[in-house]
Amino acid sequence: MSVFSHFLAVGRTLRPFGLLLGCCVALPSFADRPMMAASAMLPAYQQECVACHMAYPPGLLPAASWARVMQGLDRHYGTDAALDAATVRQISTWLQSNAGTYKRVREEPPQDRLTQSAWFERKHREVAPVVWKRAAVGSRANCMACHTRADRGDFEDDNVRIPK
């Protein structure tokens, strides 16, 4: 169990005592969790994004990055992913509410790509460049290739299986 998972487990245990401990213990907000269970995802976000790639947990990017991603859907990393205005507003509002605010995500990555963020680079520094080129991996953005439970918001190291 990672330190972060342990901290969340302790937080869940202490939640009933939140009123008593609120002034003494700062538990992370939902938006500050780097992972989010698929069941907690906005249905419109899941439906629209999963058509092309996994629905990345919104806590992996800061709000400013998500705002730019949503403003540029007609040129979404080389693809036209444009949506109607109402859906854009709904998803944008949800992403802003759930965007990452914790230290590792505050820094906006180049081109708003989570795979180019400093924390992604640090976390994947031991992955050889040839691994990203394997047919079973395809690209750095294909989290599901190695993180077997990424679609459930679980990026724990214990569940990583790097394809041959």
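Read-outs: derived from the displayed coordinates by stated rules, not from any lab. On a predicted model such as this, the values are computed, not experimentally measured, just so you know. Because the Cβ atoms are built from the backbone with ideal geometry, glycine has one as well, and the counts that use them run over all protein chains shown.
What the table shows:
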| read-out | value |
| --- | --- |
| Low-density loop cleavage sites - trypsin sites (Lys or Arg not before Pro) in region 43-116, where at most 16 other Cβ are within 10 Å (DSSP) | ARG113 |
| Per-residue Cβ neighbour rank within 10 angstrom, fewest leading, SER117, SER139 | SER139, SER117 |
| Label-point separation in nm, ARG89 to HIS76, each point 7 Å along Cα→Cβ | 1.9 nm |
| FRET E, pair LYS164, ALA141, Förster distance 22 Å, beta-carbon r, rounded to 0.05 | 0.65 |
| Anchor LYS103: lysines whose Cα lies under 24 Å away (excluding residues fewer than 8 positions away in-chain) | LYS123 |
| Exposure proxy ranking, count of Cβ atoms within 10 Å, fewest first, for ILE91, ILE162 | ILE162, ILE91 |
